[in-house]
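Accompanying notes for the structure given below.
The values are calculated or read from the model by the stated rules, or taken from the named source; none is laboratory data. Predicted model, so just to flag it, every value in this text is computed and none were measured. Backbone-built Cβ (ideal geometry, glycine too); neighbour counts: all protein chains shown.
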Amino acid sequence: MNRKSKATMRELISDAKPSPSQQKKSRIPSGIHDGVLTDRKGQTYTLSAQGITAEDALRFVNLGAQVVFDECGCGGTCGFVYATEDDVPALGKKKPVMKTHKGLTGELSVWQSEQGEKVLLATGPVEWI
Ligand SMILES: [Zn+2]
């Protein structure tokens with residue numbers, strides 16, 4: 001009976017092994033590094049269109065793009081802000097307006113993953129009105 005429970009313990013340990021290493025692998029900091037945008041889930045995106053219009057941005061939002069804000073324009077060094085699933089429908093009904101603040105002008109860009117998922121990135125002062 002004792003041997004049996006030991007074997008079970010060993011099985012549990014070996015079964016548990018793969019998951020911690022997988023978690024480590026996906027812990028890439030979110031942000032833009034060498035032209036690749038990494039989101040908080042570890043999904044990577046490359047730039048698809050830069051300096052898009054407010055109308056185009058709204059089209060992407062309404063098609064289900066993830067909306068990410070980089071308010072200071074540093075490329076995510078101090079942390080991206082992610083719109084929640086609840087925020088996105090509300091943003092889709094608004095209009096992004098690019099502003100200029102302290103020499104930084106707001107810009108909208110679209111990033112795409114290999115699987116075709118899209119991120120709308122609002123860099124700098126972009127106000128949704
Ligand atoms: Zn920043």
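Looking only at residues in the stretch 63-73 that are of a type outside the set (A, V, I, L, M) and at pLDDT 95 or above, the one that is farthest from the ligand (Cβ to nearest atom) is Gln66. Count of the stretch 33-55 residues, restricted to those that are assigned to a strand (DSSP E or B) and over 26 Å from Lys93 (Cβ atoms), is 6.
Out of curiosity, is Thr53 within 16 Å of the ligand (Cβ to nearest atom), surrounded by fewer than 14 Cβ atoms within 10 Å (Cβ to Cβ) and closer than 18 Å to Gly124 by Cα? Explain how you work it out, then say what you get.
On the way: within 16 Å of the ligand (Cβ to nearest atom): no; surrounded by fewer than 14 Cβ atoms within 10 Å (Cβ to Cβ): yes; closer than 18 Å to Gly124 by Cα: yes.
No, not satisfied.
Going through Gly76, Gly116, Gly106 one at a time, which residue ends up being modelled with pLDDT under 95 and not acidic (Asp, Glu)? So the residue among Gly76, Gly116, Gly106 that is modelled with pLDDT under 95 and not acidic (Asp, Glu) is Gly76.
Table: residues versus (1) among the hydrophobic types (A, V, I, L, M, F, W, C); (2) within 18 Å of the chain's Cα centre (by Cα); (3) surrounded by 15 or more Cβ atoms within 10 Å (Cβ to Cβ).
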| position | (1), (2), (3) |
| --- | --- |
| Phe60 | yes, yes, yes |
| Ser109 | no, yes, yes |
| Val119 | yes, yes, yes |
| Glu127 | no, no, no |
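Among the residues making up the stretch 61-105, those that are over 21 Å from Ser30 (Cα atoms) and in contact with a Lys or Arg (Cβ under 8 Å, 6 or more places away or on another chain) are Leu63, Thr105. The set of residues from the stretch 79-105 being among the hydrophobic types (A, V, I, L, M, F, W, C), outside any loop (DSSP other than H, G, I, E, B), more than 16 Å from the ligand (Cβ to nearest atom) and touching a residue at least 12 places away in the same chain (Cβ under 8 Å) comprises Val88, Leu91, Val97, Met98. When Gly76, Gly64 are checked against the criterion of being buried (at least 16 other Cβ atoms within 10 Å of the Cβ) and either part of a loop (DSSP other than H, G, I, E, B) or touching a strand residue (DSSP E or B) at 6+ places or on another chain (Cβ under 8 Å) (or both), a single residue qualifies: Gly76.
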